[in-house]
Amino acid sequence: MKIAAIQHRIRDDAAADARALAEAAALAASRGADVIVLPDVPSLRAGSGDGDALLATVVRDVPAVCLTGRCDVASRGSAVTEPLTVAGDSAGLVSVIAGDSCVAVDVLRAVASDGPSLVVLMPRNETDLQAESMLEFAIALSDSLAGVIVIAECAGAEPLEVGHGASAIIVLGDVVAEALYDDDVLFADIPLPLPQPSPREPLPLVPPLLAQRLAHHNGVAGLEHGPDLS
């Protein structure tokens, strides 16, 4: 199975974001991607749901399974687990986790109980430091939560705004594809059934930087980490 993950440079408006995503998805499909992971783009998640409809329209004719986030900005996070079918064959379960749910222990435990074969993370990183920490966390999750972890993110944002990259495809602790540019499409050929850790490790501790972000969003504490100099 060929997986593609799109890293998307944020544009000026929802229409431009949707067009760029459509072009990236079409490129991924033209190169044989069976599953395409699109990031959670702020402009498409704002408002009354028009962005969701726009995104559905632009990827409707892409000949691949397109996985996207499913929550609005105000909700902070979501997690959905469902069957993944590729070319008519079952590829197990896929869990798509967005926003703060990527680092919420209760959510990760619930996802782990579902036993997904593939986990997609769309963490909405707000600084480059968060993005780096999320990548390290995802590597650890590939030894516990699921053998294949995909991070799909936006890029090009100012500090403390959503969009700081670090998209990647990770298989059993190895980063097999990593974004090099703000606009990038990553590819990985992964055998079916999707590889899983054996033995499966316990869920890793959430890195302090990401736990601090979650606490801040929940109104428990302020952000205390230093400036983002990367």
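Roughly what % of DSSP beta bridges within segment 62-166 run antiparallel, to the nearest 5?
Among the beta bridges of segment 62-166, antiparallel pairing accounts for roughly 50 percent.
In whole Hz, what ³J(HN,Hα) sequence does segment 20-26 give by Karplus (6.51, -1.76, 1.60; θ = phi - 60°), x for Gly and Pro?
5, 5, 4, 5, 5, 5, 5
Considering only Val148, Ala4, Val58, whose Cα is most displaced toward the positive end of the charge dipole of segment 2-217, charges sitting on Cβ of Lys, Arg (+1) and Asp, Glu (-1)?
Final value for the positive-end residue is Val148.
Where nothing but the Cβ of Lys and Arg (+1) and of Asp and Glu (-1) is charged, how large is the charge dipole of the chain around its Cα centre, in debye to the nearest 20?
With Lys and Arg at +1 and Asp and Glu at -1, about 500 debye.
Once the Cα gyration tensor of the chain is found, what semi-axes does its equivalent ellipsoid get, as square roots of 5 times the eigenvalues, in whole Å, sorted largest first?
They are 24, 23, 16 Å, listed largest first.
Could you tell me which of Leu192, Pro123, Pro202 has its Cα farthest along the dipole of the chain towards the positive end, charges placed at Cβ (Lys, Arg +1; Asp, Glu -1), taken about the Cα centre?
Among Leu192, Pro123, Pro202, the one farthest towards the positive end of the dipole of the chain is Leu192.
Counting only Cα, what are the radius of gyration and maximum Cα-Cα distance Dmax of segment 103-230, in Å?
14.7, 44
For the chain, give the share of DSSP beta bridges that are antiparallel, in percent and rounded to the nearest 5; count only bridges with both residues there.
60
In sequence order, what are the phi-derived ³J(HN,Hα) couplings for segment 169-180 according to the Karplus relation 6.51 cos²θ - 1.76 cosθ + 1.60 with θ = phi - 60°, rounded to whole Hz, with x for glycine and proline?
10, 10, 10, 6, x, 9, 7, 8, 7, 9, 5, 10
Please figure out what share of the DSSP beta bridges in segment 1-112 is antiparallel and state it in percent, rounded to the nearest 5.
Bridges in segment 1-112 that DSSP calls antiparallel: roughly 60 percent.
A short reminder: the numbers here are calculations on the coordinates, not readings from a lab. This one's a predicted model, so the numbers in the text were calculated from it and none came from an experiment. Neighbour counts are summed over all protein chains in view; Cβ atoms, including those assigned to glycine, are modelled from backbone coordinates with ideal geometry.
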